[in-house]
Amino acid sequence: MSSRGNFSSRIGFILAAAGSAVGLGNIWKFPFEVADGGGAAFVLIYLIFAFILCFPVMVTEVAIGRKTEKNPIGAFNDLGFKKWNIIGKLGILCGVLILSFYNVVAGWAFGYFIEMIAGNFGVGKVFGSFTSDIIKVGGYAIVFMFATAFIVSRGVSGGIEKLAKILMPTLIIMILSLVVYSFTLPNALEGVKYYLVPDLSKLTNVNTIGGALRQAFFSLSLGMGALITYGSYLSKSENIISSSALITLFDVGIAFIAGLMMFPLVAYNLGGEMNDVQGGAGLIFVTLPGVFETLGSTLGVVVGGFFFLLLSFAALTSTVSLLEVPVSYVVDEYKVRRSRAVVIMSLVIFIIGIPSLIGNGYSDFFSNAFALPGGSSDFMTLVGYITDVLLMFGGFLIVSFAAYVWKKENLAIEISQGYPGFKESFVKKFLDFSISYLCPVVLGVLFIIVVLNNFFGINLLG
Ligand code: PFF
(Lines give C-alpha, C1' and ligand atoms only; values in the text may rest on other atoms or scores of the structure.)
Protein backbone atom coordinates (compact mmCIF):
# COMPACT_ATOMS: atom_id res chain seq x y z
CA MET A 1 0.00 0.00 0.00
CA SER A 2 1.37 3.38 -0.90
CA SER A 3 1.58 6.08 1.72
CA ARG A 4 -1.08 8.10 -0.13
CA GLY A 5 -3.69 5.60 0.98
CA ASN A 6 -5.40 2.97 -1.08
CA PHE A 7 -8.87 1.66 -1.53
CA SER A 8 -9.20 -1.29 0.75
CA SER A 9 -10.69 -3.48 -1.93
CA ARG A 10 -11.73 -3.63 -5.55
CA ILE A 11 -15.30 -3.10 -4.57
CA GLY A 12 -14.18 -0.04 -2.61
CA PHE A 13 -12.75 1.56 -5.74
CA ILE A 14 -15.77 0.65 -7.83
CA LEU A 15 -18.14 2.04 -5.24
CA ALA A 16 -16.18 5.24 -4.81
CA ALA A 17 -15.83 5.82 -8.55
CA ALA A 18 -19.48 4.94 -9.07
CA GLY A 19 -20.29 7.24 -6.18
CA SER A 20 -18.49 10.02 -8.02
CA ALA A 21 -20.34 9.23 -11.22
CA VAL A 22 -23.79 8.77 -9.75
CA GLY A 23 -25.14 12.03 -8.43
CA LEU A 24 -27.18 15.05 -9.39
CA GLY A 25 -26.02 14.39 -12.96
CA ASN A 26 -28.14 11.26 -13.12
CA ILE A 27 -31.22 12.27 -11.22
CA TRP A 28 -31.41 16.04 -11.60
CA LYS A 29 -29.53 16.80 -14.83
CA PHE A 30 -30.22 13.74 -16.99
CA PRO A 31 -34.02 14.10 -17.08
CA PHE A 32 -33.93 17.80 -17.90
CA GLU A 33 -31.25 17.31 -20.54
CA VAL A 34 -33.45 14.59 -22.07
CA ALA A 35 -36.31 17.09 -22.14
CA ASP A 36 -34.09 19.82 -23.64
CA GLY A 37 -32.61 17.36 -26.13
CA GLY A 38 -35.90 16.04 -27.46
CA GLY A 39 -36.69 12.82 -25.56
CA ALA A 40 -35.87 9.30 -26.69
CA ALA A 41 -33.52 10.31 -29.54
CA PHE A 42 -31.31 11.92 -26.92
CA VAL A 43 -31.43 8.80 -24.75
CA LEU A 44 -30.39 6.60 -27.65
CA ILE A 45 -27.38 8.71 -28.56
CA TYR A 46 -26.45 9.10 -24.92
CA LEU A 47 -26.29 5.33 -24.50
CA ILE A 48 -24.17 4.87 -27.62
CA PHE A 49 -21.74 7.62 -26.62
CA ALA A 50 -21.41 6.28 -23.09
CA PHE A 51 -20.15 2.92 -24.28
CA ILE A 52 -18.13 3.69 -27.40
CA LEU A 53 -16.60 7.02 -26.42
CA CYS A 54 -16.79 7.46 -22.67
CA PHE A 55 -15.83 3.96 -21.57
CA PRO A 56 -12.46 4.21 -23.42
CA VAL A 57 -11.81 7.63 -21.89
CA MET A 58 -12.54 6.19 -18.46
CA VAL A 59 -10.14 3.26 -18.93
CA THR A 60 -7.44 5.68 -20.07
CA GLU A 61 -7.91 7.99 -17.10
CA VAL A 62 -7.85 5.18 -14.56
CA ALA A 63 -4.77 3.62 -16.18
CA ILE A 64 -2.85 6.92 -16.14
CA GLY A 65 -3.80 7.43 -12.50
CA ARG A 66 -2.81 3.95 -11.41
CA LYS A 67 0.44 3.98 -13.37
CA THR A 68 1.64 7.24 -11.82
CA GLU A 69 -0.13 7.21 -8.45
CA LYS A 70 -0.46 10.96 -8.83
CA ASN A 71 -2.98 13.77 -9.08
CA PRO A 72 -3.99 14.91 -12.60
CA ILE A 73 -1.13 17.41 -12.92
CA GLY A 74 1.54 15.31 -11.24
CA ALA A 75 0.54 12.32 -13.39
CA PHE A 76 1.64 13.93 -16.65
CA ASN A 77 4.86 15.23 -15.09
CA ASP A 78 5.57 11.75 -13.77
CA LEU A 79 5.14 10.16 -17.19
CA GLY A 80 7.74 12.63 -18.48
CA PHE A 81 5.45 14.90 -20.50
CA LYS A 82 5.37 18.06 -18.50
CA LYS A 83 3.73 20.14 -21.22
CA TRP A 84 0.73 17.85 -21.18
CA ASN A 85 0.04 18.62 -17.56
CA ILE A 86 -2.14 21.38 -19.03
CA ILE A 87 -4.78 18.62 -19.08
CA GLY A 88 -4.52 18.37 -15.33
CA LYS A 89 -4.53 22.13 -14.90
CA LEU A 90 -7.68 22.47 -16.96
CA GLY A 91 -9.15 19.53 -15.06
CA ILE A 92 -8.54 21.09 -11.68
CA LEU A 93 -10.01 24.39 -12.85
CA CYS A 94 -13.00 22.47 -14.17
CA GLY A 95 -13.45 20.56 -10.90
CA VAL A 96 -13.37 23.79 -8.93
CA LEU A 97 -15.95 25.40 -11.23
CA ILE A 98 -18.27 22.37 -11.27
CA LEU A 99 -18.19 22.05 -7.51
CA SER A 100 -18.93 25.77 -7.15
CA PHE A 101 -22.40 25.37 -8.67
CA TYR A 102 -22.97 21.68 -7.93
CA ASN A 103 -22.76 22.47 -4.25
CA VAL A 104 -25.58 25.00 -4.66
CA VAL A 105 -27.90 22.47 -6.31
CA ALA A 106 -26.93 19.86 -3.72
CA GLY A 107 -27.98 22.42 -1.11
CA TRP A 108 -31.38 22.70 -2.79
CA ALA A 109 -31.78 18.92 -2.67
CA PHE A 110 -30.94 18.96 1.01
CA GLY A 111 -33.32 21.87 1.54
CA TYR A 112 -36.08 19.91 -0.15
CA PHE A 113 -35.46 17.07 2.28
CA ILE A 114 -36.18 19.50 5.10
CA GLU A 115 -39.24 20.92 3.32
CA MET A 116 -40.64 17.44 2.63
CA ILE A 117 -40.34 16.24 6.19
CA ALA A 118 -42.05 19.43 7.27
CA GLY A 119 -44.88 18.41 4.92
CA ASN A 120 -44.38 21.41 2.65
CA PHE A 121 -45.20 19.83 -0.72
CA GLY A 122 -46.14 23.23 -2.10
CA VAL A 123 -42.44 24.10 -2.37
CA GLY A 124 -42.36 22.78 -5.95
CA LYS A 125 -44.89 25.42 -6.98
CA VAL A 126 -42.74 28.17 -5.54
CA PHE A 127 -39.37 26.75 -6.58
CA GLY A 128 -38.32 30.24 -7.74
CA SER A 129 -38.92 31.82 -4.38
CA PHE A 130 -37.22 28.90 -2.66
CA THR A 131 -34.01 29.39 -4.66
CA SER A 132 -34.08 33.16 -4.10
CA ASP A 133 -34.39 32.82 -0.34
CA ILE A 134 -30.75 33.52 0.23
CA ILE A 135 -30.72 32.82 3.95
CA LYS A 136 -32.15 29.35 3.44
CA VAL A 137 -30.26 28.25 0.33
CA GLY A 138 -27.09 29.93 1.52
CA GLY A 139 -27.34 28.01 4.78
CA TYR A 140 -27.95 24.70 3.02
CA ALA A 141 -25.02 25.31 0.69
CA ILE A 142 -22.74 26.00 3.67
CA VAL A 143 -23.90 22.81 5.40
CA PHE A 144 -23.24 20.83 2.25
CA MET A 145 -19.77 22.23 1.65
CA PHE A 146 -18.95 21.52 5.26
CA ALA A 147 -20.06 17.88 4.97
CA THR A 148 -17.99 17.44 1.80
CA ALA A 149 -14.93 19.00 3.41
CA PHE A 150 -15.29 16.80 6.48
CA ILE A 151 -15.32 13.59 4.45
CA VAL A 152 -12.44 14.61 2.19
CA SER A 153 -10.33 15.60 5.17
CA ARG A 154 -10.60 12.04 6.50
CA GLY A 155 -8.93 10.69 3.36
CA VAL A 156 -10.00 8.57 0.52
CA SER A 157 -10.61 5.14 1.96
CA GLY A 158 -11.84 6.40 5.31
CA GLY A 159 -14.80 8.42 4.17
CA ILE A 160 -15.80 7.79 0.61
CA GLU A 161 -15.94 4.02 0.51
CA LYS A 162 -18.09 3.57 3.57
CA LEU A 163 -20.60 6.15 2.48
CA ALA A 164 -21.02 4.71 -0.99
CA LYS A 165 -21.38 1.14 0.25
CA ILE A 166 -24.59 1.80 2.13
CA LEU A 167 -26.16 4.52 0.09
CA MET A 168 -26.01 3.34 -3.48
CA PRO A 169 -28.11 0.21 -3.03
CA THR A 170 -30.69 2.14 -1.03
CA LEU A 171 -30.95 4.78 -3.70
CA ILE A 172 -31.50 2.18 -6.41
CA ILE A 173 -34.28 0.48 -4.46
CA MET A 174 -35.93 3.84 -3.87
CA ILE A 175 -35.85 4.86 -7.53
CA LEU A 176 -37.10 1.45 -8.66
CA SER A 177 -40.03 1.67 -6.26
CA LEU A 178 -40.85 5.10 -7.65
CA VAL A 179 -40.65 3.72 -11.20
CA VAL A 180 -43.30 1.17 -10.26
CA TYR A 181 -45.46 3.84 -8.66
CA SER A 182 -45.09 6.28 -11.56
CA PHE A 183 -46.30 3.60 -13.97
CA THR A 184 -49.60 3.37 -12.13
CA LEU A 185 -50.42 7.08 -12.60
CA PRO A 186 -52.72 8.40 -15.32
CA ASN A 187 -50.98 9.21 -18.64
CA ALA A 188 -47.86 7.29 -17.63
CA LEU A 189 -47.66 5.67 -21.03
CA GLU A 190 -47.33 9.03 -22.80
CA GLY A 191 -44.27 9.71 -20.70
CA VAL A 192 -42.76 6.31 -21.39
CA LYS A 193 -43.26 6.79 -25.13
CA TYR A 194 -41.62 10.19 -25.01
CA TYR A 195 -38.68 8.65 -23.20
CA LEU A 196 -38.27 5.44 -25.17
CA VAL A 197 -39.61 5.83 -28.71
CA PRO A 198 -37.14 8.00 -30.61
CA ASP A 199 -38.17 10.66 -33.09
CA LEU A 200 -35.50 9.90 -35.68
CA SER A 201 -35.68 13.37 -37.21
CA LYS A 202 -34.07 14.68 -34.04
CA LEU A 203 -30.98 12.51 -34.42
CA THR A 204 -29.10 15.22 -36.30
CA ASN A 205 -30.17 18.01 -33.99
CA VAL A 206 -27.28 19.80 -32.31
CA ASN A 207 -29.00 19.87 -28.92
CA THR A 208 -29.59 16.15 -29.15
CA ILE A 209 -26.12 15.02 -30.21
CA GLY A 210 -24.09 17.72 -28.47
CA GLY A 211 -26.25 17.55 -25.37
CA ALA A 212 -25.93 13.76 -25.18
CA LEU A 213 -22.16 13.93 -25.28
CA ARG A 214 -21.95 16.75 -22.73
CA GLN A 215 -24.25 14.84 -20.43
CA ALA A 216 -22.38 11.55 -20.82
CA PHE A 217 -19.08 13.17 -19.87
CA PHE A 218 -20.55 15.00 -16.92
CA SER A 219 -22.43 11.99 -15.65
CA LEU A 220 -19.44 9.66 -15.84
CA SER A 221 -17.15 12.25 -14.19
CA LEU A 222 -14.83 12.20 -17.19
CA GLY A 223 -12.49 14.66 -18.79
CA MET A 224 -11.16 16.42 -15.72
CA GLY A 225 -8.96 13.85 -14.08
CA ALA A 226 -11.32 12.78 -11.29
CA LEU A 227 -10.71 9.22 -12.38
CA ILE A 228 -6.97 9.80 -12.71
CA THR A 229 -7.13 10.75 -9.05
CA TYR A 230 -9.24 7.75 -8.03
CA GLY A 231 -7.16 5.46 -10.27
CA SER A 232 -4.10 6.63 -8.35
CA TYR A 233 -5.46 4.87 -5.27
CA LEU A 234 -6.23 1.63 -7.12
CA SER A 235 -4.15 -1.45 -6.46
CA LYS A 236 -2.07 -2.97 -9.27
CA SER A 237 -3.80 -6.30 -9.04
CA GLU A 238 -7.18 -4.96 -10.10
CA ASN A 239 -8.67 -5.28 -13.55
CA ILE A 240 -9.12 -1.78 -14.96
CA ILE A 241 -11.28 -2.89 -17.86
CA SER A 242 -13.90 -4.78 -15.90
CA SER A 243 -13.96 -2.14 -13.15
CA SER A 244 -14.51 0.65 -15.67
CA ALA A 245 -17.16 -1.36 -17.48
CA LEU A 246 -19.02 -1.90 -14.23
CA ILE A 247 -18.86 1.78 -13.32
CA THR A 248 -20.13 2.80 -16.76
CA LEU A 249 -22.98 0.28 -16.65
CA PHE A 250 -23.92 1.30 -13.18
CA ASP A 251 -23.96 5.01 -13.87
CA VAL A 252 -25.81 4.73 -17.14
CA GLY A 253 -28.23 2.27 -15.55
CA ILE A 254 -29.11 4.66 -12.74
CA ALA A 255 -29.62 7.59 -15.13
CA PHE A 256 -31.81 5.36 -17.26
CA ILE A 257 -34.06 4.29 -14.41
CA ALA A 258 -34.19 7.88 -13.12
CA GLY A 259 -35.61 8.85 -16.51
CA LEU A 260 -38.01 5.95 -16.38
CA MET A 261 -39.23 7.29 -13.06
CA MET A 262 -39.43 10.93 -14.17
CA PHE A 263 -41.18 10.93 -17.51
CA PRO A 264 -44.36 9.16 -16.44
CA LEU A 265 -44.49 11.67 -13.57
CA VAL A 266 -43.98 14.56 -15.97
CA ALA A 267 -46.71 13.14 -18.22
CA TYR A 268 -48.99 12.83 -15.23
CA ASN A 269 -48.37 16.47 -14.30
CA LEU A 270 -48.90 17.65 -17.86
CA GLY A 271 -52.03 15.60 -18.38
CA GLY A 272 -50.26 13.61 -21.11
CA GLU A 273 -49.33 16.66 -23.21
CA MET A 274 -45.68 15.81 -23.77
CA ASN A 275 -45.28 18.60 -26.31
CA ASP A 276 -45.46 20.98 -23.38
CA VAL A 277 -42.56 19.37 -21.57
CA GLN A 278 -40.03 21.88 -20.32
CA GLY A 279 -36.48 21.06 -19.38
CA GLY A 280 -34.38 23.36 -17.28
CA ALA A 281 -32.81 23.11 -13.89
CA GLY A 282 -36.15 23.12 -12.05
CA LEU A 283 -37.56 19.94 -13.56
CA ILE A 284 -37.22 17.51 -10.67
CA PHE A 285 -37.66 20.19 -8.07
CA VAL A 286 -40.94 21.26 -9.61
CA THR A 287 -42.38 17.91 -10.68
CA LEU A 288 -41.60 15.62 -7.79
CA PRO A 289 -43.11 17.38 -4.76
CA GLY A 290 -46.56 17.41 -6.32
CA VAL A 291 -46.31 13.71 -6.99
CA PHE A 292 -45.23 12.96 -3.44
CA GLU A 293 -48.25 14.89 -2.27
CA THR A 294 -50.51 12.43 -4.09
CA LEU A 295 -49.23 9.73 -1.72
CA GLY A 296 -51.08 11.36 1.16
CA SER A 297 -49.60 13.28 4.03
CA THR A 298 -47.99 10.45 5.99
CA LEU A 299 -46.57 8.34 3.16
CA GLY A 300 -45.78 11.49 1.18
CA VAL A 301 -43.61 12.82 3.98
CA VAL A 302 -41.77 9.52 4.32
CA VAL A 303 -41.22 8.91 0.60
CA GLY A 304 -40.56 12.55 -0.31
CA GLY A 305 -38.23 13.11 2.61
CA PHE A 306 -36.34 9.92 2.00
CA PHE A 307 -36.01 10.61 -1.72
CA PHE A 308 -34.42 14.02 -1.27
CA LEU A 309 -32.24 12.74 1.53
CA LEU A 310 -30.89 9.99 -0.74
CA LEU A 311 -30.43 12.47 -3.55
CA SER A 312 -28.39 14.63 -1.19
CA PHE A 313 -26.22 11.65 -0.30
CA ALA A 314 -25.72 10.75 -3.95
CA ALA A 315 -24.66 14.35 -4.49
CA LEU A 316 -22.29 14.08 -1.53
CA THR A 317 -20.30 11.17 -2.98
CA SER A 318 -19.89 13.32 -6.12
CA THR A 319 -18.94 16.54 -4.34
CA VAL A 320 -16.39 14.52 -2.42
CA SER A 321 -14.73 13.42 -5.67
CA LEU A 322 -14.88 16.95 -7.03
CA LEU A 323 -13.09 18.34 -3.98
CA GLU A 324 -10.64 15.44 -3.89
CA VAL A 325 -9.12 16.49 -7.23
CA PRO A 326 -7.79 19.94 -6.22
CA VAL A 327 -7.02 18.71 -2.69
CA SER A 328 -4.88 15.79 -3.90
CA TYR A 329 -3.02 18.23 -6.12
CA VAL A 330 -2.24 20.64 -3.31
CA VAL A 331 -1.26 17.79 -0.96
CA ASP A 332 1.04 16.09 -3.50
CA GLU A 333 2.69 19.09 -5.05
CA TYR A 334 2.92 21.58 -2.20
CA LYS A 335 3.25 19.11 0.65
CA VAL A 336 0.45 20.85 2.52
CA ARG A 337 -1.37 18.90 5.22
CA ARG A 338 -4.58 17.33 3.90
CA SER A 339 -6.79 19.04 6.43
CA ARG A 340 -5.35 22.45 5.63
CA ALA A 341 -5.67 21.86 1.88
CA VAL A 342 -9.32 20.93 2.41
CA VAL A 343 -10.11 24.08 4.36
CA ILE A 344 -8.43 26.37 1.81
CA MET A 345 -9.96 24.72 -1.25
CA SER A 346 -13.48 24.47 0.10
CA LEU A 347 -13.45 28.12 1.12
CA VAL A 348 -12.18 29.24 -2.28
CA ILE A 349 -14.76 27.08 -4.07
CA PHE A 350 -17.60 28.29 -1.90
CA ILE A 351 -16.70 31.89 -2.70
CA ILE A 352 -16.49 31.17 -6.43
CA GLY A 353 -19.96 29.62 -6.10
CA ILE A 354 -21.60 32.74 -4.67
CA PRO A 355 -22.68 34.14 -8.07
CA SER A 356 -24.36 30.78 -8.82
CA LEU A 357 -25.98 30.81 -5.41
CA ILE A 358 -27.44 34.28 -5.77
CA GLY A 359 -28.03 33.93 -9.52
CA ASN A 360 -31.22 31.92 -9.12
CA GLY A 361 -33.53 34.78 -8.26
CA TYR A 362 -31.86 36.68 -5.46
CA SER A 363 -29.55 38.84 -7.55
CA ASP A 364 -31.14 40.22 -10.66
CA PHE A 365 -27.78 40.66 -12.33
CA PHE A 366 -26.49 37.11 -11.83
CA SER A 367 -29.91 35.68 -12.68
CA ASN A 368 -30.39 37.51 -15.99
CA ALA A 369 -27.26 39.15 -17.32
CA PHE A 370 -25.76 36.26 -19.27
CA ALA A 371 -27.98 35.79 -22.30
CA LEU A 372 -27.04 32.49 -23.92
CA PRO A 373 -28.25 31.26 -27.31
CA GLY A 374 -30.11 28.40 -25.58
CA GLY A 375 -32.45 30.88 -23.88
CA SER A 376 -31.06 30.86 -20.34
CA SER A 377 -29.41 33.91 -18.90
CA ASP A 378 -28.24 32.97 -15.44
CA PHE A 379 -24.71 32.62 -14.22
CA MET A 380 -25.07 28.99 -13.16
CA THR A 381 -26.13 27.86 -16.62
CA LEU A 382 -23.20 29.75 -18.10
CA VAL A 383 -20.71 28.02 -15.79
CA GLY A 384 -22.40 24.68 -16.58
CA TYR A 385 -21.91 25.27 -20.30
CA ILE A 386 -18.29 26.25 -19.81
CA THR A 387 -17.48 23.20 -17.69
CA ASP A 388 -19.33 20.85 -20.03
CA VAL A 389 -17.20 21.87 -22.97
CA LEU A 390 -14.07 21.82 -20.83
CA LEU A 391 -14.84 18.19 -19.98
CA MET A 392 -15.25 17.28 -23.64
CA PHE A 393 -12.04 19.06 -24.50
CA GLY A 394 -10.27 17.35 -21.61
CA GLY A 395 -11.48 13.97 -22.86
CA PHE A 396 -10.21 14.80 -26.34
CA LEU A 397 -6.79 15.71 -24.98
CA ILE A 398 -6.54 12.70 -22.68
CA VAL A 399 -7.18 10.10 -25.37
CA SER A 400 -5.01 11.93 -27.89
CA PHE A 401 -2.23 12.02 -25.33
CA ALA A 402 -2.57 8.30 -24.57
CA ALA A 403 -2.74 7.25 -28.21
CA TYR A 404 -0.07 9.45 -29.74
CA VAL A 405 2.24 10.71 -27.01
CA TRP A 406 2.35 8.20 -24.16
CA LYS A 407 1.58 5.47 -26.73
CA LYS A 408 -0.88 2.62 -26.78
CA GLU A 409 1.82 0.06 -25.87
CA ASN A 410 2.39 1.75 -22.52
CA LEU A 411 -1.31 2.00 -21.86
CA ALA A 412 -1.61 -1.71 -22.67
CA ILE A 413 1.23 -2.60 -20.28
CA GLU A 414 -0.55 -0.79 -17.45
CA ILE A 415 -3.92 -2.35 -18.21
CA SER A 416 -2.35 -5.82 -18.45
CA GLN A 417 -1.48 -5.65 -14.77
CA GLY A 418 -4.59 -7.11 -13.25
CA TYR A 419 -5.75 -8.39 -16.66
CA PRO A 420 -2.99 -10.63 -18.08
CA GLY A 421 -4.91 -11.61 -21.24
CA PHE A 422 -5.56 -7.99 -22.25
CA LYS A 423 -3.07 -7.75 -25.13
CA GLU A 424 -4.70 -10.61 -27.02
CA SER A 425 -8.26 -9.56 -26.25
CA PHE A 426 -10.95 -8.04 -28.42
CA VAL A 427 -11.31 -5.21 -25.91
CA LYS A 428 -7.79 -4.10 -26.76
CA LYS A 429 -8.63 -3.85 -30.46
CA PHE A 430 -11.75 -1.85 -29.70
CA LEU A 431 -9.93 0.39 -27.25
CA ASP A 432 -7.08 1.05 -29.68
CA PHE A 433 -9.52 1.99 -32.40
CA SER A 434 -11.60 4.14 -30.13
CA ILE A 435 -8.80 6.13 -28.54
CA SER A 436 -6.79 6.54 -31.77
CA TYR A 437 -9.57 7.48 -34.15
CA LEU A 438 -13.13 7.46 -32.89
CA CYS A 439 -12.70 9.56 -29.75
CA PRO A 440 -10.32 12.20 -31.12
CA VAL A 441 -12.45 12.77 -34.22
CA VAL A 442 -15.92 12.70 -32.64
CA LEU A 443 -14.91 14.58 -29.50
CA GLY A 444 -12.91 17.15 -31.46
CA VAL A 445 -15.68 17.80 -33.98
CA LEU A 446 -18.49 17.88 -31.43
CA PHE A 447 -16.46 20.15 -29.18
CA ILE A 448 -16.32 22.73 -31.98
CA ILE A 449 -19.99 22.26 -32.86
CA VAL A 450 -21.14 22.65 -29.26
CA VAL A 451 -18.95 25.69 -28.55
CA LEU A 452 -20.24 27.48 -31.65
CA ASN A 453 -23.83 26.56 -30.86
CA ASN A 454 -23.90 27.21 -27.11
CA PHE A 455 -21.83 30.36 -26.98
CA PHE A 456 -22.22 32.00 -30.38
CA GLY A 457 -25.59 30.72 -31.56
CA ILE A 458 -24.03 29.29 -34.73
CA ASN A 459 -25.60 25.95 -35.61
CA LEU A 460 -23.36 23.95 -37.94
CA LEU A 461 -25.83 21.08 -38.13
CA GLY A 462 -28.56 23.28 -39.59
N1 PFF B 1 -20.76 12.70 -12.26
C2 PFF B 1 -21.33 13.58 -11.29
C3 PFF B 1 -22.83 13.53 -11.44
O4 PFF B 1 -23.32 12.95 -12.41
O5 PFF B 1 -23.53 14.08 -10.61
C6 PFF B 1 -20.78 14.98 -11.42
C7 PFF B 1 -19.29 15.02 -11.50
C8 PFF B 1 -18.54 14.51 -10.44
C9 PFF B 1 -18.67 15.48 -12.63
C10 PFF B 1 -17.16 14.49 -10.52
C11 PFF B 1 -17.31 15.47 -12.73
C12 PFF B 1 -16.56 14.97 -11.67
F13 PFF B 1 -15.28 14.96 -11.74
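The values are calculated or read from the model by the stated rules, or taken from the named source; none is laboratory data. Please read all numbers here as calculations on a predicted model, not as lab measurements. Counting neighbours? That spans all protein chains shown, and the Cβs are built from the backbone with ideal geometry, glycine included.
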Open item on the list: Step by step: first the residues of the range 145-160, then only those that are crowded, with 20+ Cβ neighbours inside 10 Å and of a type outside the set (Gly, Ala, Ser), then the one that is modelled with the highest pLDDT. Which residue is that?
Closed with: Met145
TODO: Check Gly122 against each of (1) at pLDDT below 95; (2) surrounded by fewer than 24 Cβ atoms within 10 Å (Cβ to Cβ); (3) out of contact with any Asp or Glu (no Cβ under 9 Å at 6 or more places or on another chain) and name the one condition it does not meet.
DONE: (3)
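For the condition surrounded by fewer than 19 Cβ atoms within 10 Å (Cβ to Cβ) and in contact with a Phe, Trp or Tyr (Cβ under 9 Å, 6 or more places away or on another chain), what is the one hit in Leu316, Leu309, Leu299? Before the answer, list the steps.
Numbers: Leu316 fails: surrounded by fewer than 19 Cβ atoms within 10 Å (Cβ to Cβ); Leu309 fails: surrounded by fewer than 19 Cβ atoms within 10 Å (Cβ to Cβ).
Every option except Leu299 fails the conditions.
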Open item on the list: Being assigned to a helix (DSSP H, G or I) and within 28 Å of Thr381 (Cβ to Cβ) is true for just one of Lys83, Lys89. Which residue is that?
Closed with: Lys89
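Only one of these is within 16 Å of the ligand (Cβ to nearest atom) and either over 14 Å from Ile151 (Cβ atoms) or in contact with a Leu (Cβ under 6 Å, 6 or more places away or on another chain) (or both): Phe313, Phe306. Name it.
Answer to the selection: Phe313.
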TODO: Collect the residues in the range 331-347 that are surrounded by fewer than 14 Cβ atoms within 10 Å (Cβ to Cβ) and within 23 Å of the chain's Cα centre (by Cα), keeping them in residue-number order.
DONE: Leu347
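Give the range 199-231 a look and list any residue that's of a type in the set (Lys, Arg) and over 25 Å from Ile435 (Cβ atoms), or say none.
To start, the set of residues in the range 199-231 that are of a type in the set (Lys, Arg) comprises 202, 214.
Passing the criteria: only Lys202.
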Task: Unmet requirement for Phe350, which otherwise passes all of (1) modelled with pLDDT under 95; (2) not in a loop (DSSP other than H, G, I, E, B) - done: (1)
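Wholly within the range 368-457, which helices (runs of 4 or more DSSP H) include no fewer than the required count, namely at least 3 residues that are at pLDDT 95 or above and in contact with a Ser or Thr (Cβ under 8 Å, 6 or more places away or on another chain)?
Details: elements: 379-400, 408-416, 426-433, 439-456.
Per the criteria, 379-400.
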- [ ] May I ask you to list the residues in the range 422-458 that are in contact (Cβ under 8 Å) with a residue 40 or more places away in the chain and loosely packed, with under 14 Cβ neighbours inside 10 Å?
- [x] Phe456, Gly457
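Only one residue in Gly272, Gly280 is more than 16 Å from the ligand (Cβ to nearest atom), more than 25 Å from Leu47 (Cα to Cα) and either at pLDDT 95 or above or not in a helix (DSSP H, G or I) (or both), so which one is that? First the steps, then the outcome.
On the way: Gly280 fails: more than 25 Å from Leu47 (Cα to Cα).
It is Gly272.
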- [ ] Within the range 57-75, identify whether any single residue is over 21 Å from the mean Cα position of the chain (by Cα), within 25 Å of Tyr419 (Cα to Cα) and outside any helix (DSSP H, G or I), and answer yes or no.
- [x] yes
- [ ] Please work out which one of (1) away from the ligand (no atom under 12 Å from the Cβ); (2) touching a Lys or Arg at 6+ places or on another chain (Cβ under 9 Å); (3) at pLDDT 95 or above is the condition Gly12 fails and give its number.
- [x] (3)
Task: Whichever residue in the range 125-138 is touching a residue at least 12 places away in the same chain (Cβ under 8 Å) and more than 30 Å from Leu270 (Cβ to Cβ) and, among such residues, is surrounded by the fewest Cβ atoms within 10 Å (Cβ to Cβ) - done: Ile134
